[in-house]
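Contents: one structure, followed by commentary.
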């Protein structure tokens with residue numbers, strides 16, 4: 001099985017950055033299966049930290065349109081198992097953002113959080129982390145006086 005992607009994991013911030021340094025075409029069911037098996041293997045290594053955020057560069061990943069529905073189903077399963085709900089940000093696509101956004105919304109039934117750059121995608125995730133930290137700080141435990 002060929003490695004398709006590179007990754008970095010920040011265990012302090014619980015963010016995985018995943019990207020495809022070279023163009024990778026996924027044109028067969030077997031290639032799609034291999035792609036997701038590698039993803040599962042990688043994500044399982046970090047599961048001990050709990051669910052995490054994902055910033056993913058998709059500019060060099062080209063999925064055959066005949067595999068779009070299967071790709072969306074597998075991606076959805078992966079996200080539910082390993083990713084903090086709403087905690088994915090995608091960047092670097094070759095089609096227009098509107099086209100990609102509509103495709104993701106149709107298949108995944110959620111906002112795909114598409115950004116024009118890696119920096120914008122990371123800024124989005126950092127804003128989610130900041131919001132979660134504020135929400136946690138404002139949550140009163142039963143031992144605290146209100």
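Bear in mind that the values in this text are calculations on the coordinates, not laboratory data. Note that the structure is a prediction, hence the values are computed from the model and not measured. Because the Cβ atoms are built from the backbone with ideal geometry, glycine has one as well, and the counts that use them run over all protein chains shown.
A few remarks follow.
- A full extension of the chain between residue 80 and residue 28 corresponds to an added length of 16.3 nm, given 0.36 nm per residue minus the alpha carbon distance.
- Label-point separation in nm, residue 131 to residue 6, each point 7 Å along Cα→Cβ: 3.0
- Estimated inter-spin distance, residue 64 and residue 47, nm [label 7 Å along Cα→Cβ]: 3.0
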